[in-house]
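Notes follow the structure.
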Amino acid sequence: MEKHENGKGNAGQKAEPKQPPKKDFKQMFQEHEKKIDWAEKAFNIDDFQNDPEELMSVVIPGLGKIDYKLLTTDEMREFKGLTDDFEVSIRMIYWMLKKANPNITLEKIQNRPFETFCEGEHLRY
């Protein structure tokens, strides 16, 4: 048993919590950079883009699973000239849902409360 200056052992004393080893993030980053061959990591649009025809889904409480498809840059031209952010949002929702379900109409979207489509963590910008 260890003796302290007061002659008592360490019984009854709280042990100091162990500290995690300190990391040298600068060194870790430099080592990581060395492992990456930047020439091979050049931007390739074919690796970057999502397939606009891939069916995506989101589950919204109270509504269930909603299927949609992403819009292409060309399809986004549909919104050119619209200055009302609310109208752009409604039309984006409409086009994304319509691509997955041809029975969707703009009127059906407009007749739903807007909050139906924008509550929760399923929104990703």
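The values are calculated or read from the model by the stated rules, or taken from the named source; none is laboratory data. Not measured: the values here are computed from a predicted model. Cβ: placed from backbone, ideal geometry, glycine included. Neighbour counts: every protein chain shown.
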| query | With respect to Thr116, is the statement that it is among the β-branched types (Val, Ile, Thr) and at pLDDT 75 or above true? | reply | no
| task | List every residue pair whose Cβ atoms sit under 8 Å apart, with the two residues 6 or more apart in sequence or on different chains, where the first one lies in the stretch 66-82 and is more than 13 Å from Lys98 (Cβ to Cβ) and of a type in the set (S, T, N, Q) and the second, anywhere, is surrounded by 13 or more Cβ atoms within 10 Å (Cβ to Cβ) and modelled with pLDDT of 90 or more. | result | none
| All positions within the stretch 83-108 that are assigned to a loop (DSSP other than H, G, I, E, B) and in contact (Cβ under 8 Å) with a residue 12 or more places away in the chain | Asn101
| In the stretch 63-97, the residues that are surrounded by fewer than 10 Cβ atoms within 10 Å (Cβ to Cβ) and touching a helix residue (DSSP H, G or I) at 6+ places or on another chain (Cβ under 8 Å) | Phe86
| query | Taking the stretch 47-62 as the region of interest, how many residues are surrounded by fewer than 14 Cβ atoms within 10 Å (Cβ to Cβ), of a type in the set (A, V, I, L, M) and closer than 18 Å to Arg112 by Cβ? | reply | 1
| request: Hey, can you tell me all the residues within the stretch 24-37 that are modelled with pLDDT of 70 or more and assigned to a loop (DSSP other than H, G, I, E, B)? | output: Asp24
